[in-house]
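Following: one structure in structure tokens, then a few remarks.
Bear in mind these aren't lab numbers, they're just calculated from the coordinates by the rules spelled out. Worth saying up front: this structure is predicted, and the values here are computed from it rather than measured. Neighbour counts are summed over all protein chains in view; Cβ atoms, including those assigned to glycine, are modelled from backbone coordinates with ideal geometry.
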Amino acid sequence: MTDQTDARTSFVHVTETIESVLIALILAFVFRAFMVEAFVIPTGSMAPTLYGAHINHICTNCGYSFAVGLGAVPTEVHCPNCDWIDPVASDARPAPTADAGDRILVLKWPYALGGALAPKRWDVVVFKAPFGGPTYYGERDGQTNYIKRLAGLPGDVIEIIDGDVYACRADAVPESTRLKLAHAPQPEPLTAEERKELNNLLRIAPKTPEAQEALWQIVYDADYQPTRQRTVGWQPTIDRSAWKVAARTMQFDGLHVDPPHFIELTGKDFRDGYGYNEGGGRRIVSDLRVKAVLTWHAGDGSILLCLSKYKDLYTVEISPANGVGRAWRTSLVDRQAPRQIGPVWNFRAWRQNAPVEVSFANVDHQLTVRFDDAVVWQSDPDEFPTTAAWALAQDYASEPPLVRIGAERLRTTLCHVAVHRDVYYRDDEFIRTRGSSGRTVQNEYTDRRAWASRDNPILLRHNEYFVMGDNSPQSYDSRLWWQAGEHLADRTEPYRVGTVPADQMIGRAFFVYWPNGYRIFGTSLPVVPNIGEMRWIR
């Protein structure tokens, strides 16, 4: 009797265990299918926000560390900080071990519910590739997962000009223009009058503060000083300046200096190159941020931060002792007097000898000043039409911007001085037969302007999205797609190349849970997680 009881009990335990395992598997499947799913980043199209397979390189000139993509094995790398070119490997320097792409988590259920939880502009999104068959990067079957940043929403008309996204709502566009732009499989040409009307409607689509913070890229960080060849750095603009620039620290001792003395960042071309890619950039970027930790020691004068864009120099004047700030716009091409931007603004006066992190940014045609990461002043959004952007971008496309720091009637010390640039979405691309991978694929759109590029706006219908990679020069995205997958062939509304249909959206990428690991005991596998690189995706 006891043996039968024990057997029955064992059977019950086994059954319960199997049931528990099955329930766990079902819950895991449901969780993966509808809630959160893990993905691995295969390429560098979203660098430096997200990394594909890469190596980590430390510049031998300035010590700056950066990731280099392995789409093709590079023979040399270009430091984005000091512009020094290093060989990847030599007899004295063995080739570094490659790291796999970032492993990320994707939140799926909000997009499935839609409404207020639907995809938002500047989200980092995962979706099924809407194309199939031969591509520049091999065969695609419509089941390949892609990850990009969302730039255009259903009902938008968008156009990329001088690196920025311009948009307006389609229902504000005259019907004749709207019908031409919505034509499938590609838009119809606009008349000169229709083009003019659309230009008057398109306005810049500013990035969210969270996305903007993720998109800043290094121009020069003074904490990483060149040692082997010094071609970049901060220099006084006059002889006998009250500025002393020594390595990582800059000091101004000028209680009686008036007008101000300046230092200027020299030796940078401000182009849209990426350390992640081979080679430098092609287009000059003038959306910039200068950032530093300032310590005010004495005096009632001002600190001045200056950034130029096109033909104007924008200056923020900060008086630490008085708690007063103001901004100016000065023309670089004529002798007009500086024009104040908005009213004087006030802040709590700084304490002497107490460091304050200050940043001044000019991005998306808006000026922003932050103290210790809190916004203390922001200009009104600039109603900047496409016609002005076109003309200025063409006239000043070859002129690098100015970045200056000035001071008068005070003593101050600066450290951790860094200049960053915004992402630059190229607006002069063409759809090509040959991709950056070297693979050749014939297509009917060869040599046509890329979708949403300059003078080729695109209208997104009620179920269409437009996406681009943060690594603009190396991203195969909505701008360059030219084919439709077979899985999109039988639709009531014909699929339009360059868009992502709403039902191909998977979810929003929100966390890097395993960026790459540390190798221990000489192993080739990164077995210890790099907790410091785990991060939210913005």
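Laid out as a table, the results:
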| quantity | calculated |
| --- | --- |
| Long-range amide H partners of ALA205 with built H, under 5 Å | VAL165, TYR166, ALA167 |
| Table column - 3J(HN,Hα) (Hz), segment 202-217, Karplus curve with 6.51, -1.76, 1.60, x for Gly and Pro | 5, 9, 4, 9, x, 6, 5, x, 5, 5, 4, 4, 6, 8, 4, 10 |
| Distant-in-sequence amide H partners of LEU367 (H built 1.01 Å from N, under 5 Å) | SER379 |
| Förster-model FRET efficiency, 25 Å R0, ASP223 and VAL40, C-beta, rounded to 0.05 | 0.20 |
| In order through segment 356-370: 3J(HN,Hα) via Karplus (6.51 cos²θ - 1.76 cosθ + 1.60), integer Hz, x for Gly, Pro | 10, 7, 10, 9, 10, 10, 10, 9, 6, 6, 9, 9, 9, 10, 10 |
| Pairwise label distance in nanometres, ARG203 with ASP428, each label 7 Å out on the Cα-Cβ vector | 2.9 nm |
| ³J(HN,Hα), Karplus 6.51/-1.76/1.60, whole Hz, each residue of segment 329-335, x for Gly, Pro | 10, 10, 6, 9, 10, 9, 9 |
| Förster radius 30 Å - calculated FRET efficiency between THR492 and ALA112 (Cβ-Cβ, nearest 0.05) | 0.90 |
| Peptides ranked, highest mean first, by Cβ atoms within 10 Å: ranges 308-315, 209-216 | 308-315, 209-216 |
| Centroid-to-centroid separation of segment 378-409 and segment 318-337 [C-alpha atoms, Å] | 15 Å |
| Segment 303-347 residues near the modelled ASP382 label - backbone nitrogen below 16 Å, point 7 Å along Cα→Cβ | 306-316, 327-333, 339-342 |
| Set of lysines with alpha-carbon distance to LYS108 below 27 Å, sequence-local pairs under 8 removed | LYS120, LYS128, LYS148, LYS207 |
| Using a Förster distance of 35 Å, the FRET efficiency for ARG271-ILE531 (Cβ separation, nearest 0.05) | 0.55 |
| Contour excess over end-to-end distance, with Cα ends at ILE341 and GLU264 and 0.36 nm allotted per residue | 25.5 nm |
